[in-house]
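Below: one structure, written as structure tokens.
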Amino acid sequence: MNSGTVIETQGLRKVFGTRVALEGLDLVVHRGEIFGLLGANGSGKTTTIRMLCGLLAPTSGQARVVGFDVTRDPEKVRHRIGYMSQRFGLYEDLTVVENLRFYSGVYGLRGTEAKLRIAELLEELDLGPRSRQLAATLSGGWKQRLALACATAHRPDLLFLDEPTAGVDPASRQRFWNLISAFAARGTAILLTTHYMDEAARCERLAFLLAGRLIADGTPDEITEHFGLPTLEQVFIDLQARAEAGTEAA
Amino acid sequence: MTLLERMLASPFWPMLRKEFIQMRRDRLTLGLMIGVPAIQLMLFGFAIQTEVRNLPTIVLDESRSSESRALIAAIENTGNFRLRGVVTSREEIHRQIVKGEAAAAVIIPPDYTDDIKQGRTAVAQVIVDAADPLASAAAIGGATQAGNARSEALLGAKRKVEPPVRISVRPWFNPTLRSSVYIVPGIIGVLLSMTMVVITSVAVVRERERGTLEQLIVTPISRTGLLLGKIVPFVLVGYVQITVILLLGRLVFQVPMLGSMPLLYAVALPFIFASLAIGILLSTLVQTQAQAMQMGFLFLLPNILLSGFMFPREAMPAPAQWLGAMLPLTYFLQVLRGVLLKAAGPDAVWRQALVLTGFAFGVAAVAVGRFRKTLE
């Protein structure tokens, strides 16, 4: 694996009982890249992210993340990745700053280092005025921002965002993307899933999953060209139709 | 990094701090953790009375003499019977016992006084509702006692005689034979097992249900750091519960505290720890908080029945004794009763302390081993 890649998978496969959730995924993500994983619900996006984070064990195949084998060295991987789950996973009964203190502490930041980093995150994500507010009382957009702050407390090399902007208003989405772009500009690679095609268009590279199989990957332009369709939206709709036809046929 | 630096950098500390903040915010749960032992103590302490007094008793006195009245007085004086009326027929006795209005009946036949005067053995009858064995044992004991008392009085009135054999019984450690003296120390153990097991398993499962565990396990926190940070605050809760029950037990039930409190608190540590580890273990077997609660109560049942809390283990069949030997509560109860009622010292309880420490480490090892930092 060369030093410019943060994710490299070979034949990654996951089976739940008798259902194949992911079939032989080969994927490469480079340092500082914003990589979008697209596909209909149930196409295997979340399963992929969970395996790459070490939350699920692959049934077969290999995955190297930030230079380590996910199955053999999950703890080494965890020091250098950040993860935002689909569902808000922070403590609602803690305040904004308590959540940040907790996560920076768990990632090993102590004393002055932790204080400076928390101040920096509050400033950068504009969370300062809300720092004493309980997480439960934040609106969707602010919750997402807090989750992003916690996931990046340790300045990870790679950030996994599973549908980070689902249910968030357009203005918050816009701000969220500006933050993501800023992280990427500083060298953090980002692997995200989304159902918004305007967001997909902002990714440098995309991969389309259909029923657990990778069917296309490349830049947004390469994808539209590959399918001979004018927009990503239409590619997505076309793929969804195929997926549904496939389910009916089966 | 030195060992100390590594310890200070452990994610255990932020975890511990977070748990304390959450505990402080959750006032209801905190109140329940202290209020529940107090309420349970009152319920158990007042309701569990294994000594039976004041059985409602009716009398059919067909002799109607001073002798028969003396016998009735002797029966009443045992304290096991409370006279609630006089009846005139055996049918009436049957009817009242069936209806539950009386639990015992004294029948003194017409020739009772004549027999005594003629030097024959006079026979009186006590009928007992033996459906409840505890009550009937008390009635049988009381009746025998009253019979002996009357015999001695009558014999003594004629000539001074001493019975050839007399067994002198001295009830040590609980001379008045009050159940609460025996039950209250046990309640400390039973309540600790229940609350410790349920609160830890619920606390872990709640993180899983709310999705916070998913976020937590992608961090570098170790399983041991995570679980220790989760359970250490509950050790303090356990000590608060012990103190609440001891104080109430002393004030309300006058339970003696003869032995060393530091010794009791020291041996409580491995017991609390073992109970918390059992809670973690249960959390790895269930998916929801409701299931965790049910498992907790399922665990409570053998603890109440087999640990010696209510029934003496010596009387149980061997398999029940073996099961009881697998419960930490069995050993902690011996320590509680030993220290509180008999002033047992370290020489008397070190074996139990050792077994409890073994439980604590053993169960914790299994629990940490079963706890997976994955979603599967």
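What the table shows:
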{"quantity": "Lys pairs, the protein assembly as shown - Cα-Cα below 30 angstrom, 8 or more residues apart or on other chains", "calculated": "23"}
{"quantity": "Three-way shape call for the range B:242-349 based on the alpha-carbon gyration tensor, with the a/c threshold at 1.5", "calculated": "prolate"}
{"quantity": "Charge dipole magnitude, Cβ of K and R +1, D and E -1 - the range A:1-138, Cα centre, debye nearest 20", "calculated": "300"}
{"quantity": "Cα gyration tensor shape for the range A:104-187, rounded if a/c is under 1.5, else prolate or oblate", "calculated": "oblate"}
{"quantity": "Helix A:111-124 vs. chain A, principal-axis angle (Cα, 0 to 90°, nearest 10)", "calculated": "60"}
{"quantity": "Neighbouring partner chain Cβ atoms per residue of A:98-106, average, 10 Å criterion", "calculated": "6"}
{"quantity": "Length-normalised contact order of the range B:55-158 in % [C-alpha pairs under 8 Å, at least 6 apart]", "calculated": "35"}
{"quantity": "Centroid-to-centroid separation of the range A:67-83 and the range A:212-243 [C-alpha atoms, Å]", "calculated": "31"}
{"quantity": "Label zone at B:Glu209 (point 7 Å along Cα-to-Cβ), backbone N below 17 Å, the range A:71-113", "calculated": "A:88-93"}
{"quantity": "Two-site FRET efficiency, A:Asp26 against A:Lys115, from Cβ-Cβ distance with R₀ of 45 Å, rounded to 0.05", "calculated": "0.55"}
{"quantity": "0 to 90° range, to nearest 10: angle between helix B:66-77 axis and chain B longest Cα axis", "calculated": "10"}
{"quantity": "Dipole of the protein assembly as shown [Lys/Arg +1, Asp/Glu -1 at C-beta], most positive-end residue of B:Ile187, B:Phe234, A:Gln234", "calculated": "B:Ile187"}
{"quantity": "Cβ-based exposure ranking for A:Glu33, A:Glu244, in which fewest neighbours within 10 Å come first", "calculated": "A:Glu244, A:Glu33"}
{"quantity": "Highest-fluctuation residue, B:Lys18, B:Lys230, B:Lys99 considered, GNM on chain B with Cα pairs under 10 Å", "calculated": "B:Lys99"}
{"quantity": "Inter-chain Cβ neighbour average for residues A:83-90, partner chain, 10 Å", "calculated": "5"}
{"quantity": "GNM result for chain B, Cα springs below 10 Å: residue of B:Val165, B:Val205, B:Val184 fluctuating most strongly", "calculated": "B:Val165"}
{"quantity": "Dipole-positive endmost among A:Trp177, B:Ala344, B:Ala325 within the protein assembly as shown (Cβ charges, Cα centre)", "calculated": "B:Ala344"}
{"quantity": "Whether the range B:293-376 is rounded, prolate or oblate, judged on the alpha carbon gyration tensor where a/c under 1.5 counts as rounded", "calculated": "oblate"}
{"quantity": "For residues of B:15-28, the mean tally of beta carbons on other chains within 10 Å", "calculated": "3"}
{"quantity": "Of A:Ala21, A:Ala207, A:Ala119, the one that fluctuates the most in a GNM where chain A has Cα springs shorter than 10 Å", "calculated": "A:Ala119"}
{"quantity": "Separation between Cα centres of the range A:141-175 and the range B:275-291, rounded to whole Å", "calculated": "32"}
{"quantity": "Cβ-based exposure ranking for B:Leu354, A:Leu127, in which fewest neighbours within 10 Å come first", "calculated": "B:Leu354, A:Leu127"}
{"quantity": "Virtual paramagnetic centre 7 Å along Cα→Cβ of B:Arg223, amide N under 18 Å, in the range B:5-42", "calculated": "B:11-12"}
{"quantity": "B:Asn174 paired with B:Ala290, simple spin-label distance in nm, labels 7 Å along Cα-to-beta-carbon", "calculated": "4.0"}
{"quantity": "About the Cα centre, charge dipole magnitude for the range B:27-141 (Lys/Arg +1, Asp/Glu -1 at Cβ), debye", "calculated": "440"}
{"quantity": "Degrees between helix A:170-185 axis and first principal axis of chain A (Cα, 0 to 90, nearest 10)", "calculated": "90"}
{"quantity": "Distance from the range B:110-151 to the range A:5-28 (C-alpha centre basis), Å", "calculated": "86"}
{"quantity": "For B:Ile48, B:Ile272, order by how many other beta-carbon atoms lie within 10 Å, fewest first", "calculated": "B:Ile48, B:Ile272"}
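The numbers here are math on the coordinates, done by the rules we state, and not lab data. Every value quoted in this text rests on a predicted model; they were computed, and no experiment measured them. Every residue, glycine among them, receives a Cβ derived from its backbone with ideal geometry; neighbour counts consider all protein chains shown.
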